[in-house]
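The values are calculated or read from the model by the stated rules, or taken from the named source; none is laboratory data. What you see is a predicted model; the values in this text were computed from it and never measured. Please note: Cβ atoms are built from the backbone with ideal geometry, for glycine as well, and neighbour counts cover all protein chains shown. Note: areas computed on protein heavy atoms with side chains; ligands, DNA, RNA excluded. Shrake-Rupley method; radii C 1.70, N 1.55, O 1.52, S 1.80 Å.
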Amino acid sequence: MDKDFVVNEEVLQRTIERAREKNIIIPTYEEMRNPEKIPEGIKQELKNIGLWDLHPRNLFRITWKNEPVKFGGGFDGVNYLELPKELTGVKARIFILLGKFFPTGSHKVGATFGPLVEKLVRGEFDPTRQKALWPSTGNYCRGGAFNSALLDCKAIAVLPEGMSKERFEWLKSIGAEVYATPGVESNVKEVFDKSKELKQKYPDEVVVLNQFEEFGNPVWHYAITGPAMEEVFEKNKREGDKFTALFLTQGSGGTLGSGNYLRQKFPKIKIGAGEALQCPTLLYNGYGGHRIEGIGDKHVPWIIDVKNLDMVVDIDDEYTMHLLRLFNEPEGRKYLKKFLAEEFIDKLDLLGISSIANIVGAIKMAKYYEMTEHDVIFTVATDSMELYQSRIQELREQYGEYNEIEAAKDFERYLMGITTDWMIEMNYYDKKRMHNLKYFTWVEQQGKTVEELNEQWYNENYFIERLESYKKWDEYIKEFNEKVGLIKKYR
């Protein structure tokens, strides 16, 4: 390993010893992208390990291709659904990748992989002496706490107090140190402020792995999620079909890294970024609170390539909450049987709140661009309903028991009635306006420079150079594993 690459040789040696002690082998991006390349001995070990077990071999399950079972699964291709036209009301084909079958039940465990591994293999984070702090609005800190537990190092989770109680319960069960900050999903600044406070209080003990600025986040999606979508498209395309669009809620900007990969493969693709209408940061430089858990807001992430976007789509959170009931209440599912196969209805609990928002955004794009049956749109289901059952009960208490009439109203208004309002197809200066919003968070508050901000905009290779770095990291991961020495027995 290049000595100039290593930050601290002593820390790196302690990290290698911890990995050896905890039986840790780090997968490469190539193995997460193509699990068939994982050593056969590791696949055999996975047959005796549960999907959510705190076992180091579950690092090899940070992939879209896990067999969709709770225990002992192998790898069975990308997990996805094609949404029936009877559900979407549009001619375009909409595919959604499923995050449910990752460890922790969310693909965000992948977003934590890059930032953590980059620091581990170069001696920049000492799991024997330091704590990993994960600023989040939910799933990211869960993924971080999971990976931290495998290393037997303390995780600090900082997230808004308004997130679902299941998130907090799970974090505490795994031994994370939890700080609940004021506000709801869009109160990201409060999360940043608390993270900075803890870093200042414990400068040598705490390492902040901020998903909104760590390029390891979009690197993972560029290397893994983009190719997974391409694979599903190639598997399902019919004569005349086009990979037309990608829609993703903005969140940390990480998943949108897949769009940089797809743009190279499908140059004419339209890429839409979504946000809550109640917090229209990109659309109107606006602010506010909202209920679409998992998508952040009120700032533009450092790692998002605004130039690679074509459209901003704002989603009223009323749509997501009403569809949450339609998809999950018994009377809602009973009503849907009039239009949909029971086999598909049984899979609706694979879609969490932000997943539903992604579906609404994809439908809005399909309607805006007047897409036909040959147009194909992709999006993702970040997580499932596993962490939102309390929200169903809260909605019952707020609106009363759900019945067939409410289901019919929700189906017509919030699915068939989706419109093309609150959208903007971006020109050069729309994109520059949105990019410039980074100044207020990252330069004024988080210590970035104007020169760095301008380089992102004017250097055409800025993002691709960083996203392509996964190839370099694979070499460093292999070197690290060799020094740990455990990989030898699997050859």
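Considering Gly114, Gly73, which residue is touching a residue at least 24 places away in the same chain (Cβ under 8 Å), open to solvent by less than 30 Å² (accessible area, probe 1.4 Å), over 28 Å from Glu468 (Cα atoms) and not acidic (Asp, Glu)? Steps first, answer last, please.
On the way: Gly114 fails: over 28 Å from Glu468 (Cα atoms).
Gly73 is the lone residue from the list that is touching a residue at least 24 places away in the same chain (Cβ under 8 Å), open to solvent by less than 30 Å² (accessible area, probe 1.4 Å), over 28 Å from Glu468 (Cα atoms) and not acidic (Asp, Glu).
Looking only at helices (runs of 4 or more DSSP H) that fall completely inside the range 414-491, which ones have 2 or more residues that are open to solvent by 30 Å² or more (accessible area, probe 1.4 Å), over 18 Å from Arg263 (Cβ atoms) and at pLDDT 95 or above? Give the derivation first.
On the way: elements: 428-436, 450-458, 462-467, 470-484.
In the range 414-491, the matching helices (runs of 4 or more DSSP H) lie at 428-436, 450-458, 470-484.
Going through Lys70, Lys43 one at a time, which residue ends up being among the basic types (Lys, Arg), within 22 Å of Trp170 (Cα to Cα) and in contact with a Phe, Trp or Tyr (Cβ under 8 Å, 6 or more places away or on another chain)?
Values: Lys43 fails: within 22 Å of Trp170 (Cα to Cα).
Exactly one residue qualifies, and that residue is Lys70.
Show the residue pairs that are 6+ apart or on different chains and have beta-carbon atoms under 7 Å apart, the first residue being within the range 328-357 and in contact (Cβ under 8 Å) with a residue 12 or more places away in the chain and among the acidic types (Asp, Glu), the second being open to solvent by 10 Å² or more (accessible area, probe 1.4 Å) and not in a helix (DSSP H, G or I).
Glu329/Tyr402; Glu331/Tyr402; Glu331/Asn403
For Val7, work out the one condition from (1) open to solvent by 80 Å² or more (accessible area, probe 1.4 Å); (2) not aromatic (Phe, Trp, Tyr); (3) not in a loop (DSSP other than H, G, I, E, B) it doesn't fulfil.
Here Val7 clears every test but (3).
When you scan the range 367-380, how many residues do you find that are open to solvent by 60 Å² or more (accessible area, probe 1.4 Å) and either aromatic (Phe, Trp, Tyr) or farther than 16 Å from Thr244 by Cβ (or both)?
Here the count works out to 1.
Only one of Asn459, Asn481, Asn454 is over 17 Å from Glu214 (Cα atoms) and either among the small types (Gly, Ala, Ser) or touching a residue at least 40 places away in the same chain (Cβ under 8 Å) (or both). Can you tell me which?
Asn481
Kindly indicate whether any position in the range 306-324 is at pLDDT 95 or above, surrounded by 24 or more Cβ atoms within 10 Å (Cβ to Cβ) and among the basic types (Lys, Arg).
No: the range 306-324 contains no residue that is at pLDDT 95 or above, surrounded by 24 or more Cβ atoms within 10 Å (Cβ to Cβ) and among the basic types (Lys, Arg).
So, in the range 171-185, of the ones that are assigned to a loop (DSSP other than H, G, I, E, B), surrounded by fewer than 21 Cβ atoms within 10 Å (Cβ to Cβ) and not small (Gly, Ala, Ser), which residue ends up modelled with the highest pLDDT?
So in the range 171-185, the residues assigned to a loop (DSSP other than H, G, I, E, B) come out as 174-176, 182-185.
Add one more test, that the residue is surrounded by fewer than 21 Cβ atoms within 10 Å (Cβ to Cβ), and what stays is 174-175, 182-184.
Cutting the leftovers down to not small (Gly, Ala, Ser) gives us 174, 182, 184.
Details: Ile174: 88, Pro182: 93, Val184: 82.
Ranking the qualifying residues of the range 171-185, first place goes to Pro182.
Have a look at Leu87, Leu133, Leu54 and point out the one that is open to solvent by less than 10 Å² (accessible area, probe 1.4 Å), farther than 29 Å from Glu468 by Cα and not basic (Lys, Arg).
Working: Leu133 fails: farther than 29 Å from Glu468 by Cα; Leu54 fails: open to solvent by less than 10 Å² (accessible area, probe 1.4 Å).
Residue meeting the stated conditions: Leu87.
Only one of Asp346, Asp383 is among the acidic types (Asp, Glu), closer than 19 Å to Tyr80 by Cα and either open to solvent by less than 10 Å² (accessible area, probe 1.4 Å) or touching a strand residue (DSSP E or B) at 6+ places or on another chain (Cβ under 7 Å) (or both). Can you tell me which? Even if it seems obvious, please write down each step before you answer.
Working: Asp346 fails: either open to solvent by less than 10 Å² (accessible area, probe 1.4 Å) or touching a strand residue (DSSP E or B) at 6+ places or on another chain (Cβ under 7 Å) (or both).
Criteria check complete, one pass: Asp383.
Is there any pair linking a residue in the range 180-192 that is at positive phi to one that is of a type outside the set (A, V, I, L, M, F, W, C), with Cβ under 6 Å and at least six apart or on different chains, and which?
Gly183/Pro160; Gly183/Glu190
When you scan the range 234-251, how many residues do you find that are within 17 Å of Glu373 (Cα to Cα) and under 24 Å from the mean Cα position of the chain (by Cα)?
Initially, the range 234-251 is screened for residues within 17 Å of Glu373 (Cα to Cα), giving 234-246.
Then keep just the ones that are under 24 Å from the mean Cα position of the chain (by Cα); that gives 234-236, 243-246.
The qualifying residues number 7.
What helices (runs of 4 or more DSSP H) lie completely within the range 186-300 and have 1 or more residues being open to solvent by less than 40 Å² (accessible area, probe 1.4 Å) and at pLDDT below 95? Steps first, answer last, please.
On the way: elements: 188-201, 216-220, 226-236, 257-265, 281-284.
Fully inside the range 186-300 and qualifying: 188-201.
A quick yes/no check of all residues on (1) open to solvent by less than 30 Å² (accessible area, probe 1.4 Å); (2) outside any helix (DSSP H, G or I); (3) in contact with a Lys or Arg (Cβ under 8 Å, 6 or more places away or on another chain); (4) on the phi < 0 side of the Ramachandran plot:
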| residue | (1), (2), (3), (4) |
| --- | --- |
| Ile16 | yes, no, yes, yes |
| Ile42 | yes, no, yes, yes |
| Asn48 | no, yes, no, yes |
| Pro68 | no, yes, yes, yes |
| Val78 | yes, yes, yes, yes |
| Lys100 | no, yes, no, yes |
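When you check Lys22 against the structure, is it farther than 27 Å from Thr379 by Cβ, open to solvent by 60 Å² or more (accessible area, probe 1.4 Å) and touching a Pro at 6+ places or on another chain (Cβ under 7 Å), yes or no? So that I can check it myself, show each step before the final result.
Numbers: farther than 27 Å from Thr379 by Cβ: yes; open to solvent by 60 Å² or more (accessible area, probe 1.4 Å): yes; touching a Pro at 6+ places or on another chain (Cβ under 7 Å): yes.
Taking the combined requirement at face value, the residue satisfies it.
With respect to Thr255, determine if the residue is over 23 Å from Asp383 (Cβ atoms), among the β-branched types (Val, Ile, Thr) and in contact (Cβ under 8 Å) with a residue 40 or more places away in the chain.
Values: over 23 Å from Asp383 (Cβ atoms): no; among the β-branched types (Val, Ile, Thr): yes; in contact (Cβ under 8 Å) with a residue 40 or more places away in the chain: yes.
So Thr255 fails the test.
Hey, among the residues in the range 392-429 that are in contact with a helix residue (DSSP H, G or I) (Cβ under 7 Å, 6 or more places away or on another chain) and among the charged types (D, E, K, R), which one's nearest to Tyr284 (Cα to Cα)?
Only one residue fits best here, namely Asp410.
Look through the range 80-97, keep the residues that are in contact with a Ser or Thr (Cβ under 8 Å, 6 or more places away or on another chain) and not in a loop (DSSP other than H, G, I, E, B), and return whichever of them is farthest from Thr225 (Cα to Cα).
Looking only at the range 80-97, we keep the residues that are in contact with a Ser or Thr (Cβ under 8 Å, 6 or more places away or on another chain), and these are 91-92, 94-97.
Pick out the ones that are also not in a loop (DSSP other than H, G, I, E, B) and you get 94-97.
Values: Ile94: 16, Phe95: 13, Ile96: 11, Leu97: 9 Å.
Top of the filtered list is Ile94.
Could we say that Lys367 is out of contact with any Cys (no Cβ under 7 Å at 6 or more places or on another chain) and farther than 26 Å from Arg263 by Cα here?
Numbers: out of contact with any Cys (no Cβ under 7 Å at 6 or more places or on another chain): yes; farther than 26 Å from Arg263 by Cα: no.
Against the criterion (out of contact with any Cys (no Cβ under 7 Å at 6 or more places or on another chain) and farther than 26 Å from Arg263 by Cα), Lys367 does not qualify.
Every residue in the range 204-237 that is closer than 18 Å to Val7 by Cα and of a type in the set (Gly, Ala, Ser), please.
Listed by number, the list holds a single entry, Gly216.
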